[in-house]
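**Q** Quick one: the structure is below, questions incoming.
The values are calculated or read from the model by the stated rules, or taken from the named source; none is laboratory data. Just so you know, these numbers come straight off a predicted model, no measurement behind them. Neighbour counts are summed over all protein chains in view; Cβ atoms, including those assigned to glycine, are modelled from backbone coordinates with ideal geometry.
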Amino acid sequence: MPLHFIGADPVGGPAAVWVDTETGDIVIKGLRADPDNPRVVPFPGTDHIELPDRMKPVLLEAVDFVESLGLDLD
């Protein structure tokens, strides 16, 4: 899985985003969400993560990068 680093939290938090250049998958590192938070819907075998609002530009850049790869994702 060759990962292309897109960006990290601009204020130094732990959040970061990469793109798998072979599959176009977006890989996200964030903070594990509080399981007692009513926004967190339990789903077996998964973790919920939270990204700060300031990470939106990094996520949009990741989507643009995936599109630029020209992968046939259908």
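**Q** How many residues does the stretch 38-74 contain that are modelled with pLDDT of 75 or more, part of a loop (DSSP other than H, G, I, E, B) and surrounded by 10 or more Cβ atoms within 10 Å (Cβ to Cβ)?
**A** Qualifying residue count for the region: 5.
**Q** Is it the case, given these coordinates, that residue 6 is within 22 Å of residue 69 (Cα to Cα), surrounded by 15 or more Cβ atoms within 10 Å (Cβ to Cβ), in contact with a strand residue (DSSP E or B) (Cβ under 6 Å, 6 or more places away or on another chain) and without any contact (Cβ under 8 Å) to a residue 40 or more places away in the chain? Steps first, please.
**A** Numbers: within 22 Å of residue 69 (Cα to Cα): yes; surrounded by 15 or more Cβ atoms within 10 Å (Cβ to Cβ): yes; in contact with a strand residue (DSSP E or B) (Cβ under 6 Å, 6 or more places away or on another chain): yes; without any contact (Cβ under 8 Å) to a residue 40 or more places away in the chain: no.
Answer is no for this residue.
**Q** While we're looking at this one, here's another question. Report the residue count in the stretch 26-37 for those that are exposed (fewer than 13 other Cβ atoms within 10 Å of the Cβ) and either among the hydrophobic types (A, V, I, L, M, F, W, C) or closer than 27 Å to residue 2 by Cβ (or both).
**A** Number satisfying all stated conditions: 1.
**Q** Among the residues of the stretch 10-24, write down those that are touching a strand residue (DSSP E or B) at 6+ places or on another chain (Cβ under 7 Å) and surrounded by 14 or more Cβ atoms within 10 Å (Cβ to Cβ). Steps first, please.
**A** Taking the stretch 10-24 and keeping what is touching a strand residue (DSSP E or B) at 6+ places or on another chain (Cβ under 7 Å), we get 14-21.
15, 16, 17, 18, 19, 20, 21, listed by residue number.
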